[in-house]
Amino acid sequence: MRNAFAEAVTDLASSNKKIVLLSGDIGNRLFDKYRFLFKDRFYNCGIAEACMTGVASGLAKSGFIPITYTITPFNTLRCLEQIKIDICYPNLPSIIVGTGAGLSYASLGATHHSLDDIGILRTIPNINIICPSGPNEVKFALREAINLKKPVYLRIGKKGEKDICAKEREFKIGKPIKVSGKKGRICIISSGNILQIAKDATMLLNNNNFLTDLYNMHTVKPLNSLFLNRIFKRYELIAIVEEHGYFGGVTSSILEWANSNNQNISKIIGFGTPDKFLTGYGNQQNAREKTGLSKKNIYNKIIKYIK
């Protein structure tokens, strides 16, 4: 996904001279082409993410479209006050890109895990939160974020993600995409780069005669009330899969919406990481298995819930 982002921002910058890319001491080789073409619109701000966000605010106020890019926890929590006060309070068109979201950097330990970013950022007014599922969706999301002209948090993975939702005409901020299914009584909602796991769990359920439909909810904020009203009316069970902490993320967001709109919250079952730091080391797949974000665990819990 990070390669897709580099390609997309370079293409978009060629036709939009207002785009300025700011890097937090990462992606130097990744952005070689961008720097070669637009050396006056690239700034490596070093390990100074708060300062980088402040610079982005000034650029946005001056009529540019700044895009900040670095590893997710460093581009969100480390500069949270600047995002809140410098970007969101004045409602400036600045895009915050967190790369390696969720457990993408599992092998580097808890300092590089981002399992709380959505929960914290979505409490800030004016921000839009988009979680693409794959490389092509990163490209579509970046284009839409630029056109939105508002504060946007773009939460992307690292590498190796597959293109499951790759049709550009289907992508629109705030509009979930139906990935598969027609007559299911179970609904799985996936958000972000864990869509492949959700798809595998959906296939496992369908293969065992538990008819299940799958949706890709790439936009976490704002929520789509028309979509949510429809699925609460349509399905008996709504399972939400996210590579984020169970508390504060997509599941929490939908539960809050359901409670405020007199919906039956007992229909919801959430799959996220537990409320504790992940210890031990391994790759992203190891971390997903350890935290219950596997197709087998999703399948087993849904079956248990139904029975």
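The values are calculated or read from the model by the stated rules, or taken from the named source; none is laboratory data. On a predicted model such as this, the values are computed, not experimentally measured, just so you know. Virtual Cβ from ideal backbone geometry, glycine too; neighbours counted across all protein chains shown. We work out accessible area using only protein heavy atoms, side chains counted, and drop any ligands, DNA or RNA first. Shrake-Rupley method; radii C 1.70, N 1.55, O 1.52, S 1.80 Å.
For the range 163-307, the average shadow cast by the Cα convex hull is 8.9 nm², which is a quarter of the hull's surface.
Heavy-atom accessible area with a 1.4 Å probe sorts Phe271, Phe36, largest first, into Phe36, Phe271.
Taking amide H positions as modeled 1.01 Å from N, with prolines and chain starts lacking one, the residues under 5 Å from Ile65 and 5 or more places away or on another chain are Ile19, Val20. Accessible surface for Met203 stands near 100 Å², nearest 10, in the context of the full protein assembly shown (1.4 Å probe).
On a C-alpha basis, how far is the centre of the range 144-168 from the centre of the range 171-222 in Å? Whole number, if you could? For the range 144-168 versus the range 171-222, the Cα centre distance is 17 Å. Hull volume per residue, based on the alpha-carbon atoms of the chain and their convex hull, is 120 Å³.
Each Lys and Arg contributes +1 and each Asp and Glu -1, all at the Cβ; summed about the Cα centre of the chain, the dipole is approximately 840 debye. Applied to the range 274-288, the Karplus parametrisation 6.51 cos²θ - 1.76 cosθ + 1.60 on θ = phi - 60° returns per-residue 3J(HN,Hα) values of x, 7, 7, 6, 7, 9, x, 10, x, 7, 4, 5, 4, 5, 5 Hz, with x for Gly and Pro. Just the number, please: carbon plus sulfur as a percent of the accessible area of the range 122-169, 1.4 Å probe, no ligands or DNA/RNA counted. That share works out to 44 percent. Taken over the range 46-179, the percentage of Cα pairs per 10 Å bin, counting from 0 up to the bin with the maximum distance, is 13, 43, 35, 9, 0.
Considering only Ser94, Ser225, Ser260, give the residue with the highest GNM mean-square fluctuation for the chain, with springs between Cα atoms whenever their separation is below 10 Å. Top of the fluctuation ranking is Ser260. Probing with 1.4 Å while keeping every protein chain in the model, the per residue accessible area of the chain equals 45 Å². Please go through the residue pairs Lys175/Lys276; Lys178/Lys307; Lys172/Lys199 and name each one whose alpha carbons sit more than 29 Å apart in this structure. Too far apart for the 29 Å limit: Lys175/Lys276. The order of Thr111, Thr202 by accessible area, most exposed first and with a 1.4 Å probe, is Thr111, Thr202. On the range 185-293, 50 percent of the accessible area sits on carbon and sulfur atoms, based on a 1.4 Å probe. Out of all DSSP beta bridges with both ends in the chain, state the antiparallel percent to the nearest 5. Antiparallel: roughly 15 percent of the beta bridges in the chain. Put simply, the C-alpha atoms of the range 1-96 give a gyration tensor, and the ellipsoid matching it has half-axes of 20, 16, 11 Å, longest first. Using a probe of 1.4 Å on the protein chains alone, the accessible area found for Lys290 is around 130 Å².
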